[in-house]
Structures are given as C-alpha cells and as structure tokens.
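Below: one structure, written as structure tokens.
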Amino acid sequence: MKKILSIMLVAALALPMFAEKQSPEEVANADYSGWLPAQGDFFIGFSVDPFANFVGKMFSNGGATPDNYTRQDDYNIGGQGLGYNANSNWAKLTSPVVSIMGGYMITDNLGIKANIGVIVDYQRTLTNVDDQAALFENPFSRAQVQDEKIQGQYGGSFAAGVEYRVGKKRVQGVFGAGLMYAFQTSSTKYKYGNAITAMNQVPLVADPTVYNNPEPGVFADARIINDATSDLGAGNEAFWHRFGLYTTVGVEWFVAPKIALGLNVNLDLLYKWSNNVCKQYEGYNLLTGQVETYTDTRGVANYQGVTFGTENIGANLYMNFFF
C-alpha cells in the first residue's frame with residue numbers, strides 16, 4: 001500500500017511538468033470546473049505521510065531507512081500512533097501512517113466525511129528451553145520445549161463530520177468539523193514449555209525476569225502470564241479512550257481532474273478516560289498445594305480529563321480522488 005501511494009503521488013506531482021506550456025493570460029482564464037468536486041461525487045483519500053516522511057528523512061543527517069520514517073509525536077488520532085513515547089522502543093512499533101478517508105458531496109461545496117484509522121501490531125516470539133520433564137527421565141536428554149511471548153498493541157479511531165470548500169480554481173480551501181472517538185490497548189502474554197508442578201514449583205524458563213513473586217510466603221514463586229500494563233499514557237495505563245469534537249482547516253491542490261493533494265491542520269477538544277489494567281501471574285500456592293493464577297491490580301491508577309490542542313485527525317498530508 002505504501003509503495004502504491006508513493007508511486008501515485010510522484011505521478012500526480014509530475015503531471016504539471018508535462019502539461020502544455022501556457023501564457024499567464026491563459027492560465028488566469030483557464031476553466032478548471034471539470035477538475036473540481038461536484039454535487040453527487042463520492043471521494044476517497046489516503047494518507048501519503050509514509051512517502052513524505054521518507055523523503056524528509058532522505059535530506060536529514062541520519063538518512064532514510066525502511067523502518068525509520070514514522071512520526072514521533074506525543075499522540076495522534078487516526079493515521080498516527082495513539083500513544084507514542086520516546087522512551088519506549090515498544091511504543092514506537094505502533095505508529096501507523098496510513099488512514100482511509102471517504103465521503104460524499106451534498107453540493108458542489110458541502111460534503112460529509114468519515115475517517116477510519118487502525119493500529120494492529122502483533123509479534124510472536126518462540127524461544128527454546130530445555131525440557132525438564134525429559135531431563136528427569138533421562139539426564140542426557142536433548143529435548144527442547146518452547147516459551148511463547150506474544151506482544152500486541154491495538155487501537156482505532158473513527159471520525160465523522162462535514163466539510164465546506166471555497167475556491168473555483170485548482171486550489172480550494174477546505175474547512176470542516178465533526179465528532180471522533182479513539183482507543184488503544186496493549187498487552188504482552190506468555191506461555192511456558194515447562195509446567196509448574198508440585199515436584200517442580202519454579203520451572204526453567206527462557207527469560208528469568210518473568211519471575212516476580214507478588215505474594216511471598218503464599219507462592220513458591222510466580223511467573224507472569226499476562227501483562228496488560230504499559231508505559232503509555234498517564235497513570236501507567238495501557239488502555240485509554242478519547243472522544244470529542246474536532247475542527248480542520250486545509251487546502252487541496254488539484255494536480256489532475258478529480259485528483260487532489262491535500263494538507264490540513266486540526267484543532268480538537270477531547271474528553272479522555274482510562275480503564276483498569278493489571279498483571280496476571282501463575283505459581284504454586286504453598287497453602288493450597290495447587291497451581292493458581294494471581295491477578296495483581298496494586299498500583300493501578302485511572303485517569304480522566306480534557307485535552308485541547310492540535311492533533312492529527314486522519315491525515316495531515318493526503319491524496320483525494322473524486323468519482
């Protein structure tokens with residue numbers, strides 16, 4: 001998708017260079033009415049931030065690499081990461097820069113518009129570790145089991161509103177407003193090859209740091225099986241919501257009939273709130289003689305409040321196609 005958008009953007013920007021040369025008078029009197037959106041037109045738009053950011057990196061001191069052209073803001077809505085944190089490598093993985101917009105022109109100037117942005121980042125890691133059950137039966141066994149670690153960050157945003165266009169030449173001003181909702185959550189889940197038993201209460205694992213006994217004296221030790229906390233957001237919360245109003249001001253330059261390159265800025269007023277998150281452990285309970293799951297909610301804080309500022313609703317740099 002990113003490669004296709006880049007090719008389309010380059011082709012669109014190159015069109016004016018191959019156009020027939022016109023005099024200033026011809027340019028001033030040219031009729032571009034057939035290029036502009038009209039009543040009854042549908043439109044669909046795609047973010048071109050991946051291409052723009054990649055080009056920007058090409059002219060920076062560090063140069064551009066395939067995995068180094070995402071934006072690094074505090075948080076953005078729609079086309080960008082919902083919870084970027086400069087101190088967290090894991091948070092950097094959730095910065096999608098592609099969002100999809102669409103709408104319908106009620107009149108030549110007034111349209112309804114919607115935007116959907118989705119974050120899906122899934123990573124599964126398998127690590128070999130000695131099979132302790134096989135070693136118990138045969139000290140020379142080379143059998144292996146696998147520890148599994150699944151990291152996932154998921155989120156989305158949905159915006160709907162109206163926009164009004166001004167201008168009859170190739171450049172139009174676009175003004176809009178609407179409602180939006182966004183959410184994000186993350187978790188890291190673990191499965192282990194060596195089971196906890198009465199005979200083996202603290203089994204061998206690939207990563208010893210997964211052991212953290214939340215209740216010393218109750219559990220022999222405990223290893224984490226689900227970490228739904230994160231360093232994203234206030235109060236160490238990994239799951240949060242945003243809902244409110246947004247406004248947008250921008251311009252669209254029609255590089256060809258019914259094809260426009262757009263740029264906008266947004267101002268929003270959003271209510272934010274969070275949900276409880278926790279850590280879950282499994283361990284051998286010395287009091288009951290059973291393997292049990294323990295849910296730790298200590299230190300969890302919820303928050304709510306209001307934000308007012310400029311964020312990215314959908315895409316700040318995009319291509320629009322009318323049909």
### Task
Would you please name the residue that is nearest to the chain's Cα centre (by Cα), looking only at residues in the stretch 154-201 that are open to solvent by 70 Å² or more (accessible area, probe 1.4 Å) and of a type in the set (V, I, T)?
V162
### Query
Out of (1) part of a strand (DSSP E or B); (2) surrounded by fewer than 15 Cβ atoms within 10 Å (Cβ to Cβ); (3) without any contact (Cβ under 8 Å) to a residue 40 or more places away in the chain, what's the single condition that is false for T288?
(1)
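Being at pLDDT 80 or above and among the hydrophobic types (A, V, I, L, M, F, W, C) is true for just one of F54, F59, F140. Which residue is that? Give the steps one after another, and end with the answer.
Values: F54 fails: at pLDDT 80 or above; F59 fails: at pLDDT 80 or above.
It is F140.
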### Query
In the stretch 123-143, how many are over 16 Å from A206 (Cα atoms) and either in a strand (DSSP E or B) or touching a Phe, Trp or Tyr at 6+ places or on another chain (Cβ under 9 Å) (or both)?
1
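The values are calculated or read from the model by the stated rules, or taken from the named source; none is laboratory data. These figures come from a predicted structure and were not determined experimentally. Cβ atoms come from the backbone with ideal geometry, glycine included; neighbour counts cover every protein chain shown. For the accessible areas, the whole protein counts, side chains as well, though only heavy atoms, and no ligand, DNA or RNA atoms are used. Shrake-Rupley method; radii C 1.70, N 1.55, O 1.52, S 1.80 Å.
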